[in-house]
Structure formats: structure tokens, C-alpha cells
Amino acid sequence: MLDDMDFIKSCNVPGPTKEAIRAIILYKSDVKDTDNVVDVGCGTGGITCEFAQRANTVTSIDINPEAIEMTQKNLKKFGLGQNVTLICDDGANAVKDIDDIDIAIVGGSGRQLENILELIDSKLNSNGRIIVTAILVDTKVEAVNKLKELNYNPKIMEVNISNGRVLDRGIMMMSENPIAIISAKKR
Ligand code: SAH
């Protein structure tokens with residue numbers, strides 16, 4: 001796993017998704033070196049950089065050009081990127097041109113989550129996996145309901161991580177944002 005501290009960050013781009021969350025996403029995705037991955041809303045590239053080390057190909061999409069730039073910078077920093085394609089576009093448009101998807105991660109969707117999930121479903125290989133990360137309660141509910149409507153059996157896990165900061169007088173636990181990981185497998 002990459003260290004959160006090693007990522008190049010920008011105040012205009014969210015991320016990286018924290019290390020413990022990336023680890024759960026990786027194990028939920030059951031990624032193999034033959035898998036083609038799509039990362040919708042790649043942000044700083046936290047998820048992209050992890051999958052780039054483990055998957056066959058990664059296609060990373062973000063609507064914000066600065067996010068694409070940050071993902072590019074982080075891939076370069078970690079010596080990755082040979083198997084990564086970066087697309088600056090709305091996920092609801094970009095996914096139309098992508099076929100043969102084994103794993104789709106949705107880390108950002110704006111108001112397009114339902115459209116993006118529908119598109120991903122139409123492009124996802126059998127046994128393919130969809131993982132949505134959501135901070136807003138509304139996004140969590142929307143993701144679960146849409147996946148049900150698309151005939152998936154979604155699972156939702158709420159994760160609260162605290163990391164210890166070792167101080168002179170003791171250890172202070174610092175909590176990170178709670179986040180939900182919604183995952184589903186194509187039947
Ligand atoms: N997982 C990332 C952080 C994601 S932050 C990391 O580890 O670094 C969410 C990102 O989703 C933002 O960069 C935002 O620009 C992007 N986003 C929001 N709506 C989008 C859409 N409709 N299509 C593509 N990207 C979108």
C-alpha cells in the first residue's frame with residue numbers, strides 16, 4: 001500500500017482516499033492482474049495508483065482538469081502509469097466509450113450517479129464488480145437503491161477509521177471522515 005503522506009495534494013482536488021479505505025476497496029474488488037478497471041472521479045489518484053499496481057489496465061476519469069493533472073503527477077511520482085489512461089470528462093459521458101470493464105469504482109459523480117451506474121452496468125462483464133464510495137447520506141441511499149433497481153444485491157459498509165498520533169504525553173486518536181463503501185457483483 002502507498003502511504004497517504006507520499007501523495008502530492010492540491011487544495012482544489014479532494015483525496016487521496018485514505019489508506020485504510022483504499023485497502024478495503026482493494027479487497028472488496030478482488031482485483032486480479034487480468035482485470036480492466038475504471039475509476040470514475042479519480043481526484044488525486046489515490047485509488048488509481050493502487051489499482052495501477054495490481055490490475056491489467058486502469059481508465060481514470062475526472063470532470064476537473066486539475067484532478068487529472070494531480071493523478072498524472074502522483075502516478076509519475078510512484079513510477080506508475082504505463083497501464084493507465086486518463087480522461088478529463090464527465091463520467092456520465094466518458095463511460096459510454098469504454099468496453100470490457102471488470103471493476104468500476106465510483107468515487108465522485110456529482111448529480112450523475114444514477115446515470116453513471118446505469119452506464120457502468122451496461123458495460124460491465126459478468127462477475128464484474130462495482131464499488132461506490134460515498135460521504136453524503138443521500139449518495140449512500142441513492143447508490144444502494146439504484147444498484148437494487150439494476151438487479152444487484154448491494155452491500156454497504158460504513159467505515160470509521162482513527163489513526164494514532166504519538167505525542168510526548170500519550171497517544172491521541174484522530175478520526176477520519178466516516179465513509180460508506182457500497183459494493184456489488186454482477187450476477
Ligand atoms: N478517490 C479519489 C478522490 C475522489 S474525490 C482519490 O483517492 O484521490 C471525487 C472526484 O470526483 C473529484 O475530483 C470530482 O471532480 C470528481 N467528479 C465529481 N463528479 C464527477 C462526474 N460526474 N464525472 C467525473 N468526475 C466527477
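Computed from the coordinates by the stated procedures, all read-outs in this text should not be read as laboratory data. Small disclaimer: the values here were computed from a predicted structure and weren't measured. Here Cβ is always computed from backbone atoms with ideal geometry, including for glycine, and neighbour counts include all displayed protein chains.
Could we say that residue 95 is away from the ligand (no atom under 12 Å from the Cβ), in contact (Cβ under 8 Å) with a residue 40 or more places away in the chain and under 20 Å from residue 185 (Cβ atoms) here?
In short, no.
Sort through 128, 107 and tell me the only one that's in contact with a Cys (Cβ under 9 Å, 6 or more places away or on another chain) and either more than 9 Å from the ligand (Cβ to nearest atom) or under 18 Å from residue 55 (Cβ atoms) (or both).
The unique qualifying residue is 107.
Out of the stretch 1-21, which residues are more than 8 Å from the ligand (Cβ to nearest atom), part of a loop (DSSP other than H, G, I, E, B) and closer than 18 Å to residue 60 by Cβ?
Across the stretch 1-21, the qualifying residues are 2, 8, 9, 12.
Of everything in the stretch 73-88, what is surrounded by 15 or more Cβ atoms within 10 Å (Cβ to Cβ) and assigned to a loop (DSSP other than H, G, I, E, B)? Give them in sequence order.
78, 80, 81, 83
Among the candidates 121, 100, which residue alone is away from the ligand (no atom under 14 Å from the Cβ), touching a strand residue (DSSP E or B) at 6+ places or on another chain (Cβ under 9 Å), touching a residue at least 24 places away in the same chain (Cβ under 8 Å) and at positive phi?
100
Is it the case that residue 12 is of a type in the set (S, T, N, Q) and either out of contact with any Ser or Thr (no Cβ under 6 Å at 6 or more places or on another chain) or over 22 Å from residue 126 (Cα atoms) (or both)?
Judged against the criteria, residue 12 is a match.
Do any residues in the stretch 103-117 that are over 14 Å from residue 67 (Cβ atoms) and free of Cβ contacts under 8 Å to residues at least 24 places away in the same chain have Cβ atoms under 8 Å from those of residues that are within 7 Å of the ligand (Cβ to nearest atom) and among the hydrophobic types (A, V, I, L, M, F, W, C), where the two are at least six apart or on different chains, and which pairs are they?
Note: pairs meeting the criteria are 112/92; 115/92.
Within the stretch 30-43, does at least one residue satisfy the condition of being over 24 Å from residue 184 (Cβ atoms), more than 7 Å from the ligand (Cβ to nearest atom) and in contact with a Ser or Thr (Cβ under 6 Å, 6 or more places away or on another chain)?
No; the residues of the stretch 30-43 include none that is over 24 Å from residue 184 (Cβ atoms), more than 7 Å from the ligand (Cβ to nearest atom) and in contact with a Ser or Thr (Cβ under 6 Å, 6 or more places away or on another chain).
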